[in-house]
Amino acid sequence: MKRNNLSVVNKFAQSSPTVKQPKLGFYSSVNQTVLLDWGSLPHHVVLHIFQYLPLIDRARASSVCRRWNEVFHIPDLWRKFEFELNQPATSYFKSTHPDLIQQIIKKHAAHLQYVSFKVDSSTESAEAACDILSQLVNCSIQTLGLISTAKPSFMNMSKSHFVSALTVVFVNSKSISSIKMEDTPVDDPSLKILVANNSDTLRLLKMSSCPHVSSDGILCVADHCQGLRELALNYYMLSDELLLALSSETHVNLEHLRIDVVSENPGQIEFHSIKKQSWDALIKHSPGVNVVMYFFLYEEEFETFFKEETPVTHLYFGRSVSKAVLGRIGLNCPRLIELVLCANGLQTLDDELICIAKHCKNLTALGLSECEVSCSAFIEFVRLCGRRLTQLSIMEEVLIPDDDYSLDEIHTEVSKYLGRIWFPDVMPIW
């Protein structure tokens, strides 16, 4: 609506004695039309609206009037920004226009604090992200995220180009608190530069699938960044020394430790083990820490795990896991809160689930798919856990009818022990 429309309506209303002039506002009724001069909205209201708009729509809106253009250049609007970099030939997603990117770097780089890059599978997009990073020399970034929406495009580009661009940010920001980089060629020397310039501020580091980072590189971060509260890494980076460093008296309590367990080499069967004393030291220092483990292994690769007590709280299995391993989990994972099992063999998991229910007293969530459990055993599992099970996602084909219960009867029994209506799922929700 044009700004002068309101004055025309007001003038007409004043000249006609039979017309009662409405008050300005946001609402309308059957007998009263209320007009609003959008250009007179307070700055903070327009700013809040602009924060929900994509960049291209925000730029278009800024040309509506001078007041909106002023809001468009308020520093608060540019503290958080996501660069979307996609190639038309490889992605259907929209991409941030290059002209707008240059305008942001020229006029608003000093205001950027929370920055993320979302790139498609092309090397060109990854290189474009690094070109932008290389120009952020006058900003003070607090959070940085590098996300590949498809296959890891950052891994296909020049390692030296990536490291050089990252170094620019690490050296110039000096107040980074959060970094999320997965599937990137970041290396140990890069982490040393990060630590040298941001050791007092770093709180979160997610480094999954970064093959050029060693256990020594992560250990350097833990030794110097005493305020680190959240850490995500691959299992090959995990070491006894790292757990002990995170347990030192000068280190803050760790809140979240995520470990992705994947085979680093084709045919790899053996994995290094972590001593129980190292886990005990971590839990003594940070008793409330969530230890989350994602497994993408085959059955023969689990030999190392869960032979001793392991303080894992959340377990996710992306491939088949044997009955023996599940039995060890029941006996050696007393802190377990959530268990998601996506695949198993043709043998029922009755005894293993009941063992988990008896020994894992903190278990509140279970997800089962592509495995088999008898209806009677599942009901016994729910009875043992009771109402502490706040999330129970079980695919219908998992449940095998037996002499005691059919599929038509099971939801009634399970609902009774849960204290709420429950039905098996027809598709997974986790």
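Just a few scattered comments:
- Selected from Leu100, Gly386, Leu407, residue furthest toward positive end of dipole (the chain; charges at beta carbon): Leu100
- Value of relative contact order over the chain, rounded to a whole percent, pairs C-alpha under 8 Å and six or more apart: 6
- Rounded FRET efficiency, nearest 0.05, which uses the C-beta distance separating Ser320 from His97 and R0 of 45 Å: 0.45
- R0 of 41 Å, Cβ-Cβ distance Leu47-Val168: FRET efficiency to nearest 0.05: 0.90
- Averaged per residue, the chain has 50 square angstrom of accessible surface, using a 1.4 angstrom probe with ligands and nucleic acids left out.
- Cα-based helix-to-principal-axis angle, 375-385 vs the chain, degrees rounded to 10: 70
- For the chain, the longest principal axis of the alpha carbon atoms and the long axis of helix 188-198 meet at an angle near 50°.
- Label zone of Asp240 (point 7 Å out along Cα→Cβ, amide N under 19 Å): in the stretch 299-315 this covers 304-312.
- If you take all other residues with their beta carbon under 10 Å from the beta carbon of His161, and give Lys and Arg +1 and Asp and Glu -1, the sum is -1.
- Gain in span if fully extended, Glu303 to Glu409, counting 0.36 nm per residue against the direct Cα distance: 34.3 nm
- Both numbers refer to the Cα atoms of the stretch 377-430; Rg and Dmax are 10.6, 31 Å.
- Spacing of the modelled spin labels on Thr250 and Ala59, each 7 Å from Cα toward Cβ, amounts to 4.8 nm.
- Charge dipole (Cα centre; +1 on Lys/Arg Cβ, -1 on Asp/Glu Cβ; no other charges) of the chain amounts to roughly 3140 debye.
- Accessible-area composition of the chain, carbon plus sulfur, in percent [1.4 Å probe]: 53
- Degrees between helix 323-332 axis and first principal axis of the chain (Cα, 0 to 90, nearest 10): 80
- Considering every alpha-carbon pair of the stretch 88-160, the percent of pairs per 5 Å bin, from zero through the bin containing the longest distance, is 3, 15, 25, 25, 18, 11, 2.
- Residues Asp131 and Lys358, FRET efficiency given R0 of 41 Å [Cβ-Cβ distance, rounded to 0.05]: 0.10
- Available extension along the chain between Gln391 and Asn156 is 80.6 nm, counting 0.36 nm per residue and deducting the alpha carbon span.
- Counting only lysines at least 8 places from Lys192 when in the same chain, those with an alpha carbon closer than 18 Å to its own are Lys159, Lys174, Lys180, Lys206.
The values are calculated or read from the model by the stated rules, or taken from the named source; none is laboratory data. No experiment lies behind these values; they were computed from the predicted model shown. Neighbour counts run over all protein chains shown; Cβ positions are idealised from the backbone, glycine included. For accessibility, only protein heavy atoms count, side chains too; no ligands or nucleic acids. Shrake-Rupley method; radii C 1.70, N 1.55, O 1.52, S 1.80 Å.
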